[in-house]
Each structure stands twice: as C-alpha cells, then as structure tokens.
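Beneath this line is the structure, given in structure tokens, with notes to follow.
The values are calculated or read from the model by the stated rules, or taken from the named source; none is laboratory data. Everything numeric here is computed off the predicted structure, so don't read it as measured data. For neighbour counting, all protein chains shown are included, and Cβ atoms are generated from backbone atoms with ideal geometry for every residue, glycine included.
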Amino acid sequence: MTVLIMEDPQLIARYELARNTSPVMHDSPPCVSPILFAPEQANLNPADEGELRAHANFLKSCRRQVLQIHGHADRIGKPAHNLQLSRDRAQTVKAFLLAEGVAAEQLQHFAWGAADPLRQSADHCDNRRVELIYVAS
C-alpha cells in the first residue's frame, strides 16, 4: 500500500508538476475531473462510479500506465482528522479501482488533508475531493 503524506517540499513540487503536465504513454485516458465527497464522508457517490469504471477500463488496457490518487479535505476540523479523512477518501477510490480489476502496482494514493485547497473558503465543497493524475510508469 502506498500512502504518502505531503509534507516534503520536493514531493509537493513533483505533485504540482504532475498535476499540470500529466504525461500519458498510450491512448488518452478518460476525462479527469475531481471526485467530490460530502462533508465528513469518504463514501463514493454512485454518480461517480461510471467515471471510475472508465478509468479502470483504461488502466486495464494500458498496464504500464500509473494513476495517482490524491485525497483532500476541507479545513473544518483538526488537521489530524482531515489528514485521515483525505487518506480514507483516496483509499475508497483505490479500493473501487482494485475491485474493478486494476492492478495494485498501477495505483498510488496520497493523503493531503486540508493542505491543498482549491477554494479558500474553509468548508468549500471543491476542497472535499479526490484528484486523479496519470503519470508515466
């Protein structure tokens, strides 16, 4: 199981680079949009399962492709709780993809807590998310 807690400045810089460039080796992956979560929840919304199945199918057809799964939380609550919640969200997405037949070595998951908000509002729904980033293996 790969879980990285983003406190290392070099890891953060690599994440930002991957987020902005995301090299893809083969056919284009499905459209990548954040998977959003309800407050204090790590359960998938059934509406997101179709998109995740498309990612699973792509990964199964491109076995050399790696998907990074970045879990995030809003800033409400204690940092340790938000870090655990972001980890749980990333693990939920990873578990779904594994159940769909994606190889474990194609998946990496990361926990950010509230360290990388998309919006500055402490409770903004866009901050409660999982981002999927394709990288070359």
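Quick check on residue 85: is it surrounded by 14 or more Cβ atoms within 10 Å (Cβ to Cβ), not charged (D, E, K, R) and not in a strand (DSSP E or B)?
So residue 85 fits the description; yes.
What are the pairs with Cβ atoms under 7 angstrom where one residue, in the range 45-69, is farther than 11 Å from residue 97 by Cβ and the other, located anywhere, is surrounded by 13 or more Cβ atoms within 10 Å (Cβ to Cβ) and among the hydroxyl-bearing types (Ser, Thr, Tyr)? Sequence gap at least six, or different chains.
Here the result reads 65/134, each pair linking the range 45-69 to a residue that is surrounded by 13 or more Cβ atoms within 10 Å (Cβ to Cβ) and among the hydroxyl-bearing types (Ser, Thr, Tyr).
Could you list all residues from the range 56-85 that are among the charged types (D, E, K, R) and over 17 Å from residue 42 (Cα atoms)?
Answer for the range 56-85, where residues must be among the charged types (D, E, K, R) and over 17 Å from residue 42 (Cα atoms): 60, 63, 64.
Can you name the condition, by its number, that residue 74 falls short on among (1) surrounded by fewer than 18 Cβ atoms within 10 Å (Cβ to Cβ); (2) part of a loop (DSSP other than H, G, I, E, B)?
(1)
Residues checked against (1) of a type outside the set (Gly, Ala, Ser); (2) modelled with pLDDT under 90:
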| site | (1), (2) |
| --- | --- |
| 32 | yes, yes |
| 35 | yes, no |
| 42 | no, no |
| 47 | no, no |
| 56 | no, no |
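For residue 60, all conditions in the list (1) surrounded by 15 or more Cβ atoms within 10 Å (Cβ to Cβ); (2) of a type in the set (Lys, Arg); (3) at pLDDT below 65 hold save one; what is the number of the exception?
(3)
Tell me which residues, restricted to the range 81-98, are of a type in the set (A, V, I, L, M) and without any contact (Cβ under 8 Å) to a residue 12 or more places away in the chain.
Hits for the range 81-98 are 95, 98.
Restricting to the range 89-116, give me the number of residues that are at pLDDT below 95 and surrounded by fewer than 18 Cβ atoms within 10 Å (Cβ to Cβ).
1
Restricted to the range 37-57, and to residues that are farther than 17 Å from residue 94 by Cβ and not small (Gly, Ala, Ser), which residue is surrounded by the fewest Cβ atoms within 10 Å (Cβ to Cβ)?
Within the range 37-57, the match that is surrounded by the fewest Cβ atoms within 10 Å (Cβ to Cβ) is 46.
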